[in-house]
Amino acid sequence: MGAPLSTTSLRTAADLSYEPDDGLRRELHDGVVLVVPSPNDDHSWEVRTADRALSATAPDDVYLLQNVGVHVGLRRLYVPDLVVVYRDAAFHDNGYDPGGVLLVVEVVSPSSVTLDRITKPAVYAEQIIPFYWRIEAEPRLFCHRLDPATGTYALDLELAPGEKADLTEPWSLTVDMGELVMPHKR
């Protein structure tokens with residue numbers, strides 16, 4: 001732990017190193033620290049299942065990581081539920097630069113609706129992160145791809161509860177929406 005930070009100044013990603021090591025996830029939104037509530041069991045299961053589906057056929061040149069930061073602008077560090085980074089991407093000041101990120105996955109919680117549906121996709125697209133997946137309640141999966149012509153995400157695929165699909169990007173994999181529901185809740 002370093003010197004305490006002033007409560008009136010805007011934070012940087014490096015400043016997050018001075019936050020308490022209390023197991024809480026912290027993001028930086030335009031210099032303001034946002035403490036993210038702990039996930040519930042459905043949220044945790046959905047992240048774990050998405051990780052397993054992606055990991056099953058992931059290429060050797062990527063890492064799938066949970067709860068690590070992504071630098072998305074000056075005084076902004078987001079912590080996606082799951083992030084796919086290239087193995088040679090450098091980690092510094094509590095996160096990866098967006099140029100080393102291939103995919104971010106966010107699971108929408110009651111406390112993150114606006115962030116995960118509007119704010120984060122706009123910022124991730126601005127940072128030219130190629131793929132954005134969002135998992136909603138029910139569960140429902142929205143797979144987006146960055147459209148270079150518009151600089152925004154375009155919806156490639158929407159999967160509803162019980163559906164299954166073979167995807168070709170970000171690499172070949174199968175997503176079974178039935179697996180995203182905890183076994184005792186099916």
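Here is how the numbers come out for the structure above:
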read-out: Scan of the range 62-90 for residues that are of a type in the set (G, A, S) and either within 12 Å of Y124 (Cα to Cα) or assigned to a strand (DSSP E or B) (or both), ordered by number; value: G69, G73
read-out: Of all residues making up the range 93-124, the number that are of a type outside the set (A, V, I, L, M, F, W, C), touching a Ser or Thr at 6+ places or on another chain (Cβ under 9 Å) and at pLDDT 95 or above; value: 4
read-out: Residue list for the range 37-69, filter: under 21 Å from T114 (Cβ atoms), out of contact with any Leu (no Cβ under 7 Å at 6 or more places or on another chain) and either without any contact (Cβ under 8 Å) to a residue 40 or more places away in the chain or surrounded by 15 or more Cβ atoms within 10 Å (Cβ to Cβ) (or both); value: S38, P39, D42, H43
read-out: Residues being on the phi < 0 side of the Ramachandran plot and surrounded by fewer than 16 Cβ atoms within 10 Å (Cβ to Cβ) - total across the range 117-144; value: 6
read-out: Residue satisfying all of: in the range 11-36; part of a loop (DSSP other than H, G, I, E, B), of a type outside the set (S, T, Y) and touching a residue at least 60 places away in the same chain (Cβ under 8 Å); farthest from A137 (Cα to Cα) among these; value: R11
read-out: Positions within the range 136-186 being in contact (Cβ under 8 Å) with a residue 60 or more places away in the chain, over 14 Å from T49 (Cα atoms) and more than 19 Å from the chain's Cα centre (by Cα), in sequence order; value: S172, K185
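The values are calculated or read from the model by the stated rules, or taken from the named source; none is laboratory data. Note that the coordinates shown come from a computational prediction; the quantities given were computed from them, not determined experimentally. Quick reminder, even Gly has a Cβ in these numbers, built from the backbone with ideal geometry, and neighbours come from all protein chains shown.
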